[in-house]
Number of protein chains: 2
Amino acid sequence: MKNDTILLAHGSGGKLSRKLITELFMPHFTNEYISPLADAALIDGSDLWRHCEERSDAAISSSAVMTNKKLAFTTDSFVVKPIFFPGGDIGKLAVCGTTNDLAVMGAKPLYLSCGFVLEEGLLIDELHRILDSMAAEAEKNGVKIVTGDTKVVEKGSADKIFINTAGIGIRDNNRSFNEKIKPGDKVIINGTLGDHGIAVLSARENLAIGTPVLSDCASLWHMIDEVLESSNGVKFMRDPTRGGLATVLNEIVHGENFGILLHEDSIPVKEEVNAICELLGFDPLYLANEGKVVLIASEKEAGKIVSIMKKNEIGKDSRIIGEVAASPAGKVFMKTGIGGTRIVDMMIADQLPRIC
Amino acid sequence: MKNDTILLAHGSGGKLSRKLITELFMPHFTNEYISPLADAALIDGSDLWRHCEERSDAAISSSAVMTNKKLAFTTDSFVVKPIFFPGGDIGKLAVCGTTNDLAVMGAKPLYLSCGFVLEEGLLIDELHRILDSMAAEAEKNGVKIVTGDTKVVEKGSADKIFINTAGIGIRDNNRSFNEKIKPGDKVIINGTLGDHGIAVLSARENLAIGTPVLSDCASLWHMIDEVLESSNGVKFMRDPTRGGLATVLNEIVHGENFGILLHEDSIPVKEEVNAICELLGFDPLYLANEGKVVLIASEKEAGKIVSIMKKNEIGKDSRIIGEVAASPAGKVFMKTGIGGTRIVDMMIADQLPRIC
């Protein structure tokens, strides 16, 4: 351990990332709120205010308002390379990424902080464009950027710009989704896989592609809000970013007494994305997405949820792509187009570092 | 503008930092909560919960609990070089810095997020030590680290480790300090200036110093809490980090119809710090501190506040170092030891980059 070092793969979202988090970070930070797998911490409204009441002159009873809400709190750092790519930039990503982490916890995104680490020599014009994107995406989301910080480091000590956004949202407890996942539940996705990964890769490597693939970078809240408003069938949500769909599904089944069966034929992947994947040996199941949500929904509600999602621009390609199965437990497997079945394992390292 | 670039001085906390924030960042992010000078955004409790009530089945009246509190939200990125220095490390700094930003707003620090950007090749053993410091300082503060994120970038794309912490705190409205600053008010500091700056500099440059100067890196909440509990005389608080005491005081008087007069003889500076400053041409007024708070207090309460602060280990050297004066308005000036008066201006660039 003494001379062990951090590897790129520790940031991949795969097995080494999980090892870093569970073996290194978690032992240091243990409390009732932190969870290695959740996208945001959920804090009881009553816990939050209690801290001031100890000193309050008047005795104030907990009201329904406080006990019925949870504050959601999340953070994400963005180091994507290059900082501009087809369909977005690091600024748009920094707003979408963090608000989406709140949204998949069922929380309405409200407030963002942003911390910038700038490399000496960054063009101020580029910074302007990035701030423009952030402001536009925040506006679209109805979130406010309320506090910030800027540090500058010498040329060569960072790579142009890193952005951290932390986010606060509110979740109404009657929108929590704690029902147990069980065989028969459906797996839903709101559109094509891997667009963000391929968009960033093509910009990074200057790939000459006939039709450029645009990143799917988008804010999920409005669509998720509509789903939660109309259905109580959602059991789990997650945005499949680093590590892609395969990683999220493996996290869901890990240590559980159920597995997940995907149907290759129903998994939407753009032709251009498939072509580049085949050329370069990537698998779209592991590529990053930035405007996608995977839902596990009850069998009964799944169809209704898909039709609600389809009404939204970012959900128009929504569909059921698989289901929860009793066996093999703890595994994700896939019925391939030619009729076989293969295991979709957790990857060890990322196919593409610095994707977000 | 087109080819203007970010300079190290944009991160200094001085004039160029202010220009960057007011001319570049603020025009993009305008809302009722953001303020270029505050250390944290304050969000009304009632604003926070309102977002869920729109959908609530029952009509819930705003209770005193909600309208009497404000949520404080802040963020800070830490890029200090080197990551270990006498008296602390980047982890301790990341917890103290953000909780102190909440504390000086009068808010009790409660929850922290942490976002790590790790450079490939960082020793895992070093990361362990940093996490240990973070956990210990959080424990001491009574704050919980509840959510996190880790990114890894290639060797040469960052400098070992950058940490962002965002923090949430709660402020009771009966502890707000909005009373106008006016001539006669006193300026208070809780101890010696420049220790952090010199500690980091000496570690960075391997200065051979007789008595090593330790960083003052410490959490201010408990001392501030005691002051606010016993006195309503506080009109302003700020931690003089980047840019030091001179920068904070210049921000206070900027555009106001009052100035501040400091008494050089009463400003506490360690002998070793003074010696190094004289040798290298630094001014302790501009050096960074990480466990200091500047208070502006009413003339009537100032003595009492100092004696409350003195009871605390980090406040034992507290004292009045100056006062608010009617003229020259908008300026900070100082009565020097030899009887003259000099202007203490806002610096343009930092004396020491990457100090926090």
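The values are calculated or read from the model by the stated rules, or taken from the named source; none is laboratory data. Nothing here was measured: the structure is a model prediction, and the numbers come from that model. When we count neighbours, we look across all protein chains shown, and the Cβ atoms used for this are built from the backbone with ideal geometry, even at glycine.
Within the range B:135-167, being under 18 Å from the mean Cα position of the chain (by Cα), more than 7 Å from chain A (Cβ to nearest Cβ) and not charged (D, E, K, R) holds for B:138, B:141, B:143, B:163, B:165, B:167. Taken as a whole, the structure places residue A:170 among residues that are at pLDDT below 95, farther than 15 Å from residue A:289 by Cα and within 14 Å of chain B (Cβ to nearest Cβ). For the condition more than 17 Å from the chain's Cα centre (by Cα), more than 30 Å from residue A:75 (Cα to Cα), surrounded by 18 or more Cβ atoms within 10 Å (Cβ to Cβ) and at pLDDT below 95, residue B:228 does not qualify.
Might you let me know whether the range A:114-134 holds any residue that is surrounded by 24 or more Cβ atoms within 10 Å (Cβ to Cβ) and among the hydroxyl-bearing types (Ser, Thr, Tyr)? No, because not a single residue in the range A:114-134 is surrounded by 24 or more Cβ atoms within 10 Å (Cβ to Cβ) and among the hydroxyl-bearing types (Ser, Thr, Tyr).
Residues in the range B:280-289 that are among the aliphatic types (A, V, I, L, M) and in a helix (DSSP H, G or I) were compared, and the one that is surrounded by the most Cβ atoms within 10 Å (Cβ to Cβ) is B:285. Please specify each residue of the range B:248-279 satisfying the condition of being within 24 Å of residue B:17 (Cβ to Cβ) and part of a helix (DSSP H, G or I). If the condition is that a residue be within 24 Å of residue B:17 (Cβ to Cβ) and part of a helix (DSSP H, G or I), then B:248, B:249, B:250, B:251, B:252, B:253, B:273, B:277 are the ones that fit.
From the list A:30, A:5, the one residue that fits, being of a type in the set (Ser, Thr, Tyr), facing chain B (nearest Cβ under 7 Å) and closer than 24 Å to residue B:122 by Cα, is A:5.
For the structure I just gave you, tell me whether residue B:168 is in contact with a strand residue (DSSP E or B) (Cβ under 7 Å, 6 or more places away or on another chain) and of a type in the set (Val, Ile, Thr). Judged against the criteria, residue B:168 is a match. Among residues of the range B:335-355 that are at pLDDT 90 or above, those with a Cβ under 8 angstrom from a residue that is assigned to a loop (DSSP other than H, G, I, E, B) and of a type in the set (Asp, Glu), sequence gap 6+ or separate chain, pair up as B:354/A:154. Restricting attention to the range A:235-247 and to residues that are touching a helix residue (DSSP H, G or I) at 6+ places or on another chain (Cβ under 6 Å) and assigned to a helix (DSSP H, G or I), the residue that is farthest from residue A:93 (Cα to Cα) turns out to be A:246. Looking only at residues of the range B:36-65 that are surrounded by 14 or more Cβ atoms within 10 Å (Cβ to Cβ) and assigned to a loop (DSSP other than H, G, I, E, B), we find that the one that is modelled with the highest pLDDT is B:40. All of A:156, A:148, A:191 fail the test of being out of contact with any Phe, Trp or Tyr (no Cβ under 9 Å at 6 or more places or on another chain) and either closer than 30 Å to residue B:9 by Cβ or among the hydroxyl-bearing types (Ser, Thr, Tyr) (or both), apart from A:156. Whether a residue is in contact (Cβ under 8 Å) with a residue 40 or more places away in the chain and farther than 30 Å from residue A:44 by Cα was assessed, and residue B:193 passes this test.
Assess whether residue A:331 counts as being of a type in the set (Lys, Arg) and surrounded by fewer than 18 Cβ atoms within 10 Å (Cβ to Cβ). Here the answer is no, as residue A:331 does not meet what is asked.
Kindly indicate the residue of the range A:72-121 that is more than 8 Å from chain B (Cβ to nearest Cβ) and among the acidic types (Asp, Glu) and also nearest to the chain's Cα centre (by Cα) among those meeting that condition. Taking the candidates together, the pick is A:101. Would you confirm whether or not the range A:296-313 contains a residue that is part of a strand (DSSP E or B), under 19 Å from the mean Cα position of the chain (by Cα) and farther than 21 Å from residue A:197 by Cβ? Looking for residues that are part of a strand (DSSP E or B), under 19 Å from the mean Cα position of the chain (by Cα) and farther than 21 Å from residue A:197 by Cβ, one finds at least one in the range A:296-313, hence yes. Scanning the range B:203-217 for any residue that is part of a helix (DSSP H, G or I), free of Cβ contacts under 8 Å to residues at least 12 places away in the same chain and over 19 Å from the mean Cα position of the chain (by Cα) turns up nothing.
Would you pick out the residues in the range A:130-185 that are within 18 Å of residue B:17 (Cα to Cα) and assigned to a loop (DSSP other than H, G, I, E, B)? Hits for the range A:130-185 are A:154, A:155, A:160.
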